[in-house]
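Participant: Shown below is the structure under consideration.
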Amino acid sequence: MTSRERLSATVEAELLAAGRAAVAEGRAGSLSAWVNAALRRQADHDRRMQALDEFLAAYEAKHGEITEDEMREAERRSRGRAVVIRTPAPEKKPGRPRRKQGAA
């Protein structure tokens, strides 16, 4: 079992409401569990960003600084390979036709 410590923190009201809603809807066992999960996600995110920073620093030390032009080119290539997925438009309900904008 992991050790636990009691925490007193001031948080934004909307975040507290989101946590309480998660508990009420059964998405979290308790407010403490919800906060713990959020802190874990943030810690994981921070570790990944640190690893990325270290990777980029090592890469640039070996190959030189990545330029704005290289980043734009990489973005252009990745957008060219992207697969766009759209959900179908909702069916229109039968009814009276809509007026054109500007029509009186």
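Participant: Tell me the residue from Ala51, Ala37, Ala61 that is exposed (fewer than 10 other Cβ atoms within 10 Å of the Cβ) and either modelled with pLDDT of 95 or more or of a type in the set (Lys, Arg) (or both), please.
Facilitator: Unique residue meeting the criteria: Ala61.
Participant: Tell me whether region 89-98 contains one or more residues that are closer than 30 Å to Asp53 by Cβ and either out of contact with any strand residue (DSSP E or B) (no Cβ under 8 Å at 6 or more places or on another chain) or at pLDDT 85 or above (or both).
Facilitator: no
Quick grid of which residues meet (1) over 19 Å from the mean Cα position of the chain (by Cα); (2) exposed (fewer than 10 other Cβ atoms within 10 Å of the Cβ):
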{"residue": "Thr10", "(1), (2)": "yes, yes"}
{"residue": "Leu15", "(1), (2)": "no, no"}
{"residue": "Ala18", "(1), (2)": "no, no"}
{"residue": "Val23", "(1), (2)": "yes, no"}
{"residue": "Gly26", "(1), (2)": "yes, yes"}
{"residue": "Asp44", "(1), (2)": "no, no"}
{"residue": "Leu56", "(1), (2)": "yes, no"}
{"residue": "Glu70", "(1), (2)": "yes, no"}
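Participant: I've got another one for you. For region 17-40, give me each residue that is in contact with a Phe, Trp or Tyr (Cβ under 6 Å, 6 or more places away or on another chain) and either touching a residue at least 24 places away in the same chain (Cβ under 8 Å) or assigned to a helix (DSSP H, G or I) (or both).
Facilitator: Gly19, Ala22
The values are calculated or read from the model by the stated rules, or taken from the named source; none is laboratory data. The structure displayed is predicted, hence computed values, not measured ones. Glycine also receives a Cβ, built like all others from the backbone with ideal geometry; neighbour counts cover every protein chain displayed.
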